[in-house]
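For reference, the structure is listed below as structure tokens.
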Amino acid sequence: MEGVIYGYLFIFFARVIDMALDVVRILMLTRDKKLLASLIGFVEVAIFIVALDKVMAGGMDDPLKVIAYAGGFATGNYVGGLIECLLAVGYVSMQVFPRRDKAGEVISRLRKEGFGVTSVIGAGRSGPQNIVHVIVKRRDLNKATKILDEIDKRIFFNISDARSIRGGVFPGARKGK
């Protein structure tokens, strides 16, 4: 009986690792790290095949194997998401649309904290509108959004993934580098 339980646990944890690696592999692909993604993919598929072999061994007569497999899949996605957040690899692009009376404060606070800020004037529904563009290291995203919240809890902004960047101004970067 003890061996059977270890088998279920093996299937479960193999799938957790496999799926967590899957999330990280996709993250690396979107960050243009093809070689690292390939290596992760190799390990991921090897684990997948071994786990699937354990599920299929002896036929499909044991529904607990399927539950362990599916549970590992679901948990692995969750764990992969946590790992992705911890790694915080890459950059995001923020577009901030502050109220007219808050635009100067948004620009100066972000710059004071070391963020590179570009501001343009657009045409909004009710007239001219500042649009503030900021490229942010993912690990600094909470810092940037906290600044915006301190200025105006209702400030409108959107965040999108920045696949690739070159140059720029970032907090903590040394001048001349």
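To keep it simple, each residue is scored yes or no on (1) within 21 Å of Ile26 (Cα to Cα); (2) modelled with pLDDT of 90 or more; (3) among the basic types (Lys, Arg); (4) exposed (fewer than 15 other Cβ atoms within 10 Å of the Cβ).
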| position | (1), (2), (3), (4) |
| --- | --- |
| Val45 | yes, yes, no, yes |
| Ile49 | yes, yes, no, yes |
| Ala70 | yes, yes, no, yes |
| Tyr78 | yes, yes, no, yes |
| Val89 | yes, no, no, no |
| Met94 | no, yes, no, no |
| Pro98 | no, yes, no, no |
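Given the structure, is Ile107 at pLDDT 90 or above, more than 26 Å from the chain's Cα centre (by Cα), of a type in the set (Val, Ile, Thr) and farther than 12 Å from Ile135 by Cα? It is false that Ile107 is at pLDDT 90 or above, more than 26 Å from the chain's Cα centre (by Cα), of a type in the set (Val, Ile, Thr) and farther than 12 Å from Ile135 by Cα.
Could you tell me whether the range 3-21 includes any residue that is within 30 Å of Asp140 (Cβ to Cβ), charged (D, E, K, R) and in a helix (DSSP H, G or I)? So far as the range 3-21 goes, no, none of its residues is within 30 Å of Asp140 (Cβ to Cβ), charged (D, E, K, R) and in a helix (DSSP H, G or I).
Looking at the range 4-14, can you tell me whether even one residue there is touching a helix residue (DSSP H, G or I) at 6+ places or on another chain (Cβ under 7 Å) and free of Cβ contacts under 8 Å to residues at least 40 places away in the same chain? The answer is no; no qualifying residue exists. On inspection, Ile83 passes the criterion of being among the β-branched types (Val, Ile, Thr), in contact (Cβ under 8 Å) with a residue 40 or more places away in the chain and part of a helix (DSSP H, G or I). Could you tell me whether the range 130-143 includes any residue that is buried (at least 17 other Cβ atoms within 10 Å of the Cβ), touching a Lys or Arg at 6+ places or on another chain (Cβ under 9 Å) and over 30 Å from Leu27 (Cα atoms)? The answer is yes, given that some residue of the range 130-143 is buried (at least 17 other Cβ atoms within 10 Å of the Cβ), touching a Lys or Arg at 6+ places or on another chain (Cβ under 9 Å) and over 30 Å from Leu27 (Cα atoms). With the structure loaded, tell me whether Val169 is of a type in the set (A, V, I, L, M) and touching a residue at least 40 places away in the same chain (Cβ under 8 Å) or whether it fails that test. In short, yes.
Let's see how each residue does on (1) among the basic types (Lys, Arg); (2) closer than 30 Å to Val24 by Cα; (3) touching a His at 6+ places or on another chain (Cβ under 7 Å); (4) modelled with pLDDT of 90 or more:
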{"residue": "Ile121", "(1), (2), (3), (4)": "no, no, no, yes"}
{"residue": "Arg125", "(1), (2), (3), (4)": "yes, no, no, no"}
{"residue": "Thr145", "(1), (2), (3), (4)": "no, yes, no, yes"}
{"residue": "Glu150", "(1), (2), (3), (4)": "no, no, no, yes"}
{"residue": "Arg154", "(1), (2), (3), (4)": "yes, no, no, yes"}
{"residue": "Ser164", "(1), (2), (3), (4)": "no, yes, no, no"}
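The residues of the range 95-152 that are more than 19 Å from Val169 (Cα to Cα), without any contact (Cβ under 8 Å) to a residue 40 or more places away in the chain and in a strand (DSSP E or B), listed by number, are Ile121, Gly122, Ala123, Gly124, Gly127, Pro128, Gln129, Asn130.
For Leu64, the criteria (1) in a loop (DSSP other than H, G, I, E, B); (2) not assigned by TED's automatic domain parsing to the domain that holds Asp152 hold in every case but one, which is (1).
The values are calculated or read from the model by the stated rules, or taken from the named source; none is laboratory data. All of these numbers come straight from a predicted model, not from anything done at the bench. All Cβ positions, even for glycine, are placed from backbone atoms using ideal geometry, and neighbour counts span all protein chains on display.
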